[in-house]
1. Considering Cα pairs under 8 angstrom that are at least six residues apart, work out the relative contact order of the chain and quote it in whole percent.
2. On a 0 to 90° scale, report how tilted helix 8-33 is relative to the longest principal axis of the chain, with both axes built from alpha carbons and the result rounded to the nearest 10.
3. So how do 14-27, 96-109 stack up, highest first, on mean other-Cβ count within 10 Å?
4. Find the percent of Cα-Cα distances in the chain that exceed 28 Å, and round it to a whole number.
5. What number, in percent, do you get for the relative contact order of segment 85-150 if the mean sequence gap of Cα pairs under 8 Å and at least 6 apart is divided by its residue count?
6. Take the Cα radius of gyration of segment 85-150 and divide it by 2.2 N^0.38 Å, with N its residue count; two decimals is plenty.
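What follows is calculated from the coordinates using simple rules that are stated; it is not laboratory data. Note that the coordinates shown come from a computational prediction; the quantities given were computed from them, not determined experimentally. Glycine also receives a Cβ, built like all others from the backbone with ideal geometry; neighbour counts cover every protein chain displayed.
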C-alpha cells in the first residue's frame, strides 16, 4: 500500500480555499439581497426639514415658516470695510538686518511677530535695535514690511 500524496498541510490549504470561496459567494448573495439598484427616484430622495434634520418625507409647502430674500444670502467672504490708512502703519524694532545681503526682520510691537524686510522697502538707513514704522503687505512666503522709516 502506497502512502497518500496529500499531506495534512495540503488538506488544510484546500479547506481554507474552499471556505474563502464559500464566504465570497455568501457576500455576493448578501449584496444582491440588499441591493439599492433599481429603486425609483422617489425612494432614493432625502429631504431636509426646517430644523435641518434629514427625513424621507417631503416638507409640507403649507407650513413654510420663513421667506429668504436673495439679497440676504452671502456666498464666500463678506466684503471688508476700507481700513483707515493710519491703522495700516505699524511700529516695531529691527531684530536683525544684514546690510551686505540686503534683508532683515522687524518684530512688530503689537502682534510680536517677526516680519521680513528687504532693503528696497527701506527709506532710511536702518540697523539692529532701531525703532521703525512700517506697513505690511502679503508676500509669497508671508508678511513683508514696506515703507520702513526710522522713528526719531
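1. Working: 167 pairs, mean separation 20.5, N = 152.
Relative contact order here is 13 percent.
2. The angle comes out at about 80 degrees.
3. On the way: 14-27: 10.1, 96-109: 14.9.
Top to bottom by mean Cβ count within 10 Å: 96-109, 14-27.
4. Values: 7439 of 11476 pairs.
Tail of P(r) above 28 Å: 65 percent of Cα pairs.
5. Relative contact order comes out at 33 percent.
6. Numbers: Rg = 10.5 Å, N = 66, 2.2 N^0.38 = 10.8 Å.
With N residues counted in segment 85-150, Rg over 2.2 N^0.38 Å equals 0.97.
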